[in-house]
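What follows draws every value from the coordinates through simple rules; no lab data is involved. All of these numbers come straight from a predicted model, not from anything done at the bench. Glycine also receives a Cβ, built like all others from the backbone with ideal geometry; neighbour counts cover every protein chain displayed.
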Amino acid sequence: MSEPVTWNKKDLLGLEYLSAQEIAFILDTADSFKEVTTREIKKVPALRGKTVVNLFYEPSTRTRISFELAAKRLSADVINIAAETSSIKKGETLIDTGRNIEALKADIIVMRHNYSGAANMLARHLNISVVNAGDGWHEHPTQALLDIFTLREKLGNIEGRSVTIVGDIAHSRVARSNIWGLTKLGAKVTVCAPRMLIPVGIEAMGVSVTNNIDEALKEADAVNVLRMQFERDEQGAFPKQMEYFKKFGITEERLRRAKPELIVMHPGPINRGIEMSSEVADCPQSVILDQVTNGIAVRMAALFLVSQARDIKNEDPH
Amino acid sequence: MKEKSVVLDRETVSRSLVRMAHEIIEKNKGVENLCLVGIRTRGVFIANRLAENIKKIEGKDVPAGTLDITLYRDDLTLIAYQPVVHKTEIDFDISGKDVVLVDDVLYSGRTIRAALDALIDLGRPNTIQLAVLIDRGHRELPIRPDYVGKNIPTAKDETVQVRLSESDGKDEVVIMEKNE
């Protein structure tokens, strides 16, 4: 019955660090967990006796709740720490905080942090598992995995498909993780944004760049619409909201010029009337709420796999 | 490991499964309230064959589903390889049903313990019965089968391999022993 080890990482830090096989393995595992989330009793004992700590240095509602539900459906115990209301404010370093959580015998830290690379650093210093729930502008692996999971569910496969990402690419960890994941699985990725919001050298990640939304949508099988993060606009580089909607907003009229079966995605929260019109958000092609549902299954898979990898490593140091 | 002996071949596997189908029908006084649930991987194939046999005898379809017990194992932290989580596919309600749980080999009983937990999370069956092609003894839990293809006394350091045409190309049951 023994099957080869296909996942041996104690942490999930970003899709940059994963092979196409590993990404597919997480998605396949998530597919099995999705069945659990449709049951009347939505709980399995796989992580019974394990403790998951949600350590959030940035406000987050949907990601934290999704991770919390995922952990609870695996029977883990969950503790939530919001940095702004905790003693972290007293000046403790991130590594000290992590070591304290490790000393409490927690098994997995799920961390959201405003600095890029924070999760990688924490993972290097701890023996327990670290799952990146978004670090600065770097990566947000579980969001990209749930986006790709939803796409795979709707399209059947990823290889050869065209996916357009619209919005603030420069400040978006969701965009970066999606680009890594989609290109590894063989999709054609186009990014579309005002010039100021496209990072220099993004083409090196294997994507096409345009600032014409109609061109970006023409061949696309799916469009992932990012939220305009106006709160991050410290240098006044962002266009005004109405101007952005006029040039880049996804409207019914623009959808009519795209493929009829174009899939519309958004990681949430949606700003209706800025990134997309209200009608588009609610249109039959919109899979925005499927993404939310799938997020739990994907995060269950992530928590289960990192926990397993650690148990196996503890058992056998080789 | 090397092959020590072949204990069942194609004919004897087939005859055992016909007999077990008759026993299931007899004990349940028909098939009205019956369903079969196979434990991945080979239990599923055996459950499907039992369902075919029952249909041949009674002329009625009995629902058959697939149970993945990975998430319910009690040795998740002990095993040295990563188990792959597969889907449970039971598209009928097991509440109130007489469920026949099907597996290839019954050994320690721990797989069945996990399967019972998994089943009970899906509903409240009227009864749960156990059908196995091979019972090789060495139970570690108070679990016994209701229908057995063949009892095979084994040493603990031997293993029993059930091979089925669906997964292994042919039907046979082989006792394997350690190389000297």
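Using the Karplus relation 6.51 cos²θ - 1.76 cosθ + 1.60 with θ = phi - 60°, the per-residue 3J(HN,Hα) values for segment A:143-154 come to 5, 5, 5, 6, 4, 5, 4, 5, 4, 4, 5, 7 Hz, with x marking Gly and Pro.
Near B:Lys4: Cβ cut-off under 9 Å, other residues only, Lys/Arg at +1 and Asp/Glu at -1. The net charge is -2.
Taking a Cβ cut-off of under 15 Å around A:Leu217, the surrounding Lys, Arg, Asp and Glu residues balance to a net charge of 0, with basic ones at +1 and acidic ones at -1. Centre-to-centre separation between the Cα atoms of segment A:85-146 and those of segment B:1-62: 52 Å. The gain in end-to-end length when the A:Ala237 to A:Glu215 segment is fully stretched comes to 5.6 nm, 0.36 nm per residue minus the alpha carbon separation.
One Cα centroid belongs to segment A:249-282, the other to segment B:69-148; the line between them spans 47 Å.
Residue by residue along B:120-128, Cβ atoms of other protein chains within 10 Å of the local Cβ number 2 on average. Using R0 = 35 Å, the C-beta based FRET efficiency linking A:Lys89 and A:Met196 works out to 0.55.
The H on the amide N of B:Val100, modeled in the peptide plane, is under 5 Å from the matching H of B:Cys35, B:Leu36, B:Val37, B:Gln129, each at least 5 residues off or on a different chain.
Site pair A:Glu16 and A:Leu104 shows an inter-label distance of 3.0 nm when each label is modelled 7 Å from Cα along Cα→Cβ. Distances between placed amide hydrogens fall under 5 Å for B:Leu106 paired with B:Ile134, B:Asp135, B:Arg136, all partners being 5 or more residues away or on another chain.
For chain B, what class follows from the C-alpha gyration tensor (a ≥ b ≥ c being the square roots of its eigenvalues): rounded when a/c is under 1.5, otherwise prolate if a/b is larger than b/c, else oblate?
Numbers: a/c = 1.80, a/b = 1.22, b/c = 1.47.
The shape class here is oblate.
Close amide H contacts of A:Ser208 (hydrogens built in the peptide plane, cut-off under 5 Å, sequence separation of 5 or more or a different chain): A:Val189, A:Thr190, A:Val191. Alpha carbon centre of segment B:153-180 versus segment A:184-217: separation in Å? Each part reduced to its Cα centre gives a spacing of 55 Å.
Explain nothing, just the number: relative contact order of chain A, from Cα pairs under 8 Å at least 6 residues apart, as a whole percent. Kindly include the intermediate steps, with their values, before the conclusion.
Details: 590 pairs, mean separation 68.2, N = 318.
Relative contact order of chain A: 21 percent.
Each other residue within a Cβ distance under 9 Å of A:Trp180 adds +1 if Lys or Arg and -1 if Asp or Glu, for a net charge of 0. Using a/c under 1.5 as the rounded threshold, could you call the protein assembly as shown rounded, prolate or oblate? The axes a ≥ b ≥ c are square roots of the C-alpha gyration tensor eigenvalues, and prolate needs a/b larger than b/c, oblate otherwise. Prolate is the answer for the protein assembly as shown, as a/c is 1.5 or above and a/b outweighs b/c. Rounded to the nearest Hz, the phi-derived 3J(HN,Hα) couplings of segment A:175-189 under the Karplus curve 6.51 cos²θ - 1.76 cosθ + 1.60 (θ = phi - 60°) are 4, 4, 5, 4, 4, 4, x, 5, 5, 4, 8, x, 7, 9, 10, where x marks glycine and proline. Sequence-ordered 3J(HN,Hα) estimates for segment A:110-117 from the Karplus curve with 6.51, -1.76 and 1.60 and θ = phi - 60° stand at 9, 10, 10, 9, 7, 9, 4, x Hz, glycine and proline given as x. Take every DSSP beta bridge whose two residues both sit in segment B:59-180, then give the antiparallel share in percent to the nearest 5. Roughly 35 percent of the DSSP beta bridges within segment B:59-180 come out antiparallel. Seen through its C-alpha gyration tensor, with square-root eigenvalues sorted a ≥ b ≥ c, segment A:141-292 comes out rounded because a/c lies under 1.5. Rounded to the nearest 0.05, the FRET efficiency derived from the C-beta distance between B:Glu158 and B:Arg10 at R0 = 22 Å is 0.50. A straight Cα-to-Cα reach below 16 Å connects B:Lys29 with the aspartates and glutamates B:Glu58, B:Asp61, B:Asp98, B:Asp146, residues fewer than 8 places away in its own chain not being considered.
Along the positive direction of the dipole of segment A:141-292 (beta-carbon charges: Lys, Arg +1; Asp, Glu -1; about the Cα centre), which of A:Val200, A:Ile250, A:Gly236 reaches farthest? Going by the charge dipole, the pick is A:Val200.
Expressed to the nearest 5 percent, the antiparallel share of DSSP beta bridges inside the protein assembly as shown is 20 percent. For the set A:Lys34/A:Lys246; B:Lys56/B:Lys170; A:Lys154/B:Lys87; A:Lys42/A:Lys154, the pairs lying more than 29 angstrom apart at their alpha carbons are A:Lys34/A:Lys246.
Springs between Cα atoms under 10 Å define the GNM used for chain A, and in it the highest mean-square fluctuation of A:Ala24, A:Ala237, A:Ala204 occurs at A:Ala204. Dipole check for the protein assembly as shown: with +1 at the C-beta of Lys and Arg, -1 at the C-beta of Asp and Glu, and the Cα centre as origin, the magnitude is about 420 Debye.
Take B:Ile120, A:Ile270, B:Ile46 and order them by how many other Cβ atoms sit within 10 Å, fewest up front. Working shown, then result.
On the way: B:Ile120 13, A:Ile270 18, B:Ile46 26.
Listed from fewest to most nearby Cβ atoms, that is B:Ile120, A:Ile270, B:Ile46.
Taking every residue in A:25-32 and counting other chain Cβ atoms within 10 Å of its Cβ, the average works out to 3.
With charges set only on the Cβ (+1 for Lys and Arg, -1 for Asp and Glu), what does the dipole of segment A:141-292 come to about its Cα centre, in debye to the nearest 20? All intermediate terms of the calculation are to be shown ahead of the outcome.
Values: 19 positive and 20 negative charges, 44 e Å.
Around 220 debye, computed over segment A:141-292.
FRET efficiency for the pair A:Thr251 and B:Glu3, taken as 1/(1 + (r/R0)^6) with r the Cβ-Cβ distance and R0 = 51 Å, rounds to 0.15.
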